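Quick note: the coordinates plus some simple rules give every number you see, no bench work behind them. Values in this document were obtained by computation on a predicted structure and should not be read as measured data. With ideal geometry, Cβ positions are generated from the backbone for all residues, glycine too; neighbour counts draw on all protein chains shown.
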Amino acid sequence: MDIASLDVRKKIFIDNISDIQYTYDEEILTRFSKDIYYEFQKPLIITQPKNTSEVCKIIKAVEQAKLTLTVRGGGLSYSGGYLTNRNDTVVIDMRDCNKILEINQEDMYVNVETGVTWKQLNETLEPLGLRTPFWGTGSGLYATVGGGLSQNAINYGSGRYGTVAESVTALKLILANGTELRTGSWGTDDNPSPFNRYYGPDLTGLFLADSGALAVKAEASLQLIPRPKETKFLALTFSERSDFVSAISNIGRQGLVSECFGFDPFFLSERIVSTGFADDVKKLLGVAKSQSSVLKGFSEAFKVAAAGRRYLKDVGYTLHMTIDGRDIDDVNSSLRIIKDICKKDKGKEIEASIPRLMRGTPFPPPQMLLGPRGDRWVPMHGIVPHSLHGKLLNEIDSYMNSQKEIIEKYNLVWGQVSNLIGNSRILIEVNLYWKDRLTNMLESYLDESFLKNKDRHNHNPEAYDSIDHLRKGLSNLFRRNGGTHMQIGRSYPFMESRMKSVSGLIKSLKNEVDPDNIINPGSLSL
């Protein structure tokens, strides 16, 4: 397509949305061409609708001008999901579609525009004594409900209630031709209400975790639950990784914890420094028991080469848990069961500072975007059943050790996190750090007072390429073991790894709802 033709189509589009806010400021376009990790083609124009009717108008204008579109929420993802490799793409920036439309305390659902942030939703529901089962990501100061639905996010509440998709009752979608589609009980002509997800085939599920590839999520209905009356925190350290693995699975199967994070000592040490949680490891943990073992573990972790982190005794693998309940007896009962499990798995209790701090400030500024020395950060994850958790941790170690030359050449740093999802899944996240310049996208989220205390690095394309190499290797490792992923975007091998009948069905669905491939072409490998 030649430039003149694109200019004509751009003018047609603008003429059709003249009453809607938009921009093609070069600096903003450049920023919107990036996520935490990737940098793609600059979009053609950025639109900022304020309600669902404006979203419909934008989509119809995109179709008429024969352009393409992507949808962006808070922007804090790392898999290229809202980016484009085309020069004819309109970005729908949903952050001004942020109204909480209905809180139905009788039927226990909340209906929101998808540009609502998790922080905004949680703070609105709190005075009513309510919350959603899954209630946000750590990036929820900026991250939106719609972004979470497209990525199938986890974090707060995930230990008991799973991913965000499991809290959704219905969606209001806008298809590529501007047609509205409501799912579940909301999809009736008579007295529509989003109280029940399941009536016939689960259409809601088809449009969740799709990386924004199938339709535009304009509004969403989420379940409500009573806000827990009591909360307690628990943290333990494990000398042996096998005991750590056993404990997180045995706890998870009971369905008793709202959040359960497992850290290897190196990751924990990095995060303590980078997030400013505390002045030093000892102060943060306030170690009540097993102090010498934990601190020895951190010391040993720093001594081991980033590439060759061998299995060590007494390295202080730690679990950090939040237990919610209806009353103090409910919480104490769960706490007793969990402590008994951990005792059998040789866990030693330490001060639960980390989960307490996380709950105290659940949506902090996103300082985790950088490592403690100003390094760039990107994670790579996979989700596996309990039976594969320990195996994958060992295979990750073996793979990273095999890449020792690359890791040491570019002074790369890495650490592992294990995160409980419901009672049957473990997310393993490998966090990677490398020295590189900050992008304008990253700087837009970070306060200058925070940045002034960080080292600044020059552009380092070789180190970036080495990180990309490691991520692809880790992704293949999970694929070989049958693992799955969230936040698929353009980063994980989704269509390539599906059995032929599955990939064929998904392609047919895409063709049905978006025959001209207008919506986010390339996402999900479509």
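Tabulated data
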{"read-out": "Radius 12 Å from Cβ of R336, net charge of other residues (Lys, Arg +1; Asp, Glu -1)", "value": "0"}
{"read-out": "Vicinal HN-Hα couplings computed from phi for the stretch 416-427 (Karplus, 6.51 cos²θ - 1.76 cosθ + 1.60; Hz; Gly/Pro x)", "value": "10, 10, 10, 10, 6, 10, x, 9, 9, 9, 10, 8"}
{"read-out": "The chain: relative contact order as a whole-number percent, Cα under 8 Å and 6+ apart", "value": "17"}
{"read-out": "Degrees between helix 500-513 axis and first principal axis of the chain (Cα, 0 to 90, nearest 10)", "value": "40"}
{"read-out": "Listed peptides 455-465, 50-60, 475-485 by packing density, highest first (mean Cβ within 10 Å)", "value": "50-60, 475-485, 455-465"}
{"read-out": "Value of [θ]222 nm, deg cm²/dmol, for the chain, DSSP H segments ≥ 4, -39500 (n - 2.57) each, nearest 500", "value": "-10500 deg cm²/dmol"}
{"read-out": "Cβ-based net charge around T183, under 9 Å, with every Lys or Arg adding one and every Asp or Glu removing one", "value": "+2"}
{"read-out": "Spatially proximal lysines relative to K510 (Cα-Cα < 17 Å; intrachain offsets below 8 disregarded)", "value": "K217, K500"}
{"read-out": "Proximal lysines relative to K232, as straight alpha-carbon distance under 22 Å, when same-chain residues fewer than 8 apart are discounted", "value": "K119, K282, K283, K289, K339, K343, K344, K346, K348"}
{"read-out": "Cα-based Lys proximity count in the stretch 3-96, under 18 Å, for pairs eight or more positions apart or on separate chains", "value": "12"}
{"read-out": "Farthest toward positive dipole pole in the chain [+1 Lys/Arg, -1 Asp/Glu at C-beta], among L76, T361, P461", "value": "P461"}
{"read-out": "For the chain, size of Cβ-based charge dipole, Lys and Arg +1, Asp and Glu -1, in debye", "value": "1480"}
{"read-out": "Other-chain or far-sequence residues with amide H under 5 Å of Y492's (modelled H)", "value": "none"}
{"read-out": "Alpha-carbon radius of gyration plus Dmax, which is the widest Cα pair, for the stretch 398-476 in Å", "value": "15.4, 44"}
{"read-out": "P(r), alpha carbons of the stretch 100-226 - 10 Å bins starting at zero, rounded %", "value": "14, 49, 32, 5, 0"}
{"read-out": "Using θ = phi - 60° and Karplus 6.51 cos²θ - 1.76 cosθ + 1.60, couplings along the stretch 77-82 (whole Hz; Gly, Pro as x)", "value": "10, 9, 10, x, x, 9"}
{"read-out": "Packing-based ranking, highest mean first, of 509-520, 115-126 given that Cβ atoms within 10 Å are counted", "value": "115-126, 509-520"}
